[in-house]
Amino acid sequence: MSRRTERLASTIQQELAQIILHELQDPRLQGFPSITRVKVSPDLAIADVYVTVMGTPGAQNAALNALRHSAGLMRTRLTKALTMRTAPFIKFHLDESAKKEIEILDLIRKASEETAELDRQRAEAAQADPQSHQSGNPPDSSADPPPPPQ
């Protein structure tokens, strides 16, 4: 992405957030949509706006439809706010990356809990049988067969 498209994307994100917060009065926007990122095409004709909406999948779809329905109004407001002749067409998308991040963090948390449980069990086993661990040899070292002669 060029510096110009990055600046434009940042400006669009800020302006759209203000428009959604202060000017849209659609009752379908219950979960307060958050704009996570904006990608502007290299020719500055299309702005892909990724949003997250808290709530059920039905509420998310309703909010997305409300934003898509208001895209023309928001584009008109953007044209006035930007120093461009015309603002890019706005396409709204649900941002699935936040959902994936939450799932990954949950898996990391579960793995951490399992590791802590295994460490706790090993510590309890070491306290229950302190003689086998004091010598520095593993507990089953006497059961190993002697090395083969050469």
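Every number in this text was worked out from the coordinates using simple rules, so none of it is lab data. Remember, predicted model here, so these are calculated numbers, not experimental data. Cβ atoms come from the backbone with ideal geometry, glycine included; neighbour counts cover every protein chain shown.
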Residue 79-residue 36 pseudo-label distance in nm [points 7 Å out on the Cα-to-Cβ vector]
3.1
Cut-off of 10 Å, at most 11 other beta carbons, DSSP loop: longest stretch of the chain lacking such GluC sites (Glu not before Pro)
24-95
What list do you get for 70, 41 if you sort them by fewest beta carbons within 10 Å?
41, 70
Using Cα springs under 10 Å in a Gaussian network model of the chain, which residue among 29, 44, 105 shows the largest mean-square fluctuation?
105
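Using only alpha carbons, build the gyration tensor for the chain and give me the equivalent ellipsoid semi-axes, biggest first, whole Å.
60, 20, 12
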Given the options 62, 71, 45, state which has the largest fluctuation in a GNM of the chain using a 10 Å cut-off (strictly under) for Cα springs.
45
Given the Cα-Cα distance of residue 106 and residue 48 and 0.36 nm per residue of separation, how much length would full extension add, in nm?
18.0 nm
Scattering profile of region 55-115 from the Debye formula, Cα beads only, expressed as log10 I(q)/I(0) at q = 0.15 Å⁻¹, is -0.65
Pairwise FRET efficiency - residue 114 versus residue 28, Cβ, R0 = 41 Å, nearest 0.05:
0.50
Proximal charge balance of residue 87 [Cβ under 10 Å; K/R count +1, D/E count -1]:
+3
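Is the shape of region 6-67 best called rounded, prolate or oblate, per the rule: a/c under 1.5 gives rounded, else a/b larger than b/c gives prolate, else oblate, with a ≥ b ≥ c the square roots of the Cα gyration tensor eigenvalues?
Because a/c hits 1.5 or more and a/b exceeds b/c, region 6-67 counts as prolate.
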What dipole magnitude, in Debye to the nearest 20, does region 1-98 give about its Cα centre under +1 on Lys/Arg Cβ and -1 on Asp/Glu Cβ?
340
Could you work out how far the C-alpha centroid of region 1-40 sits from that of region 53-102, in angstrom?
7
Rank 123, 47, 17 by mean-square fluctuation in a GNM of the chain with C-alpha springs under 10 angstrom and give only the top-ranked residue.
123
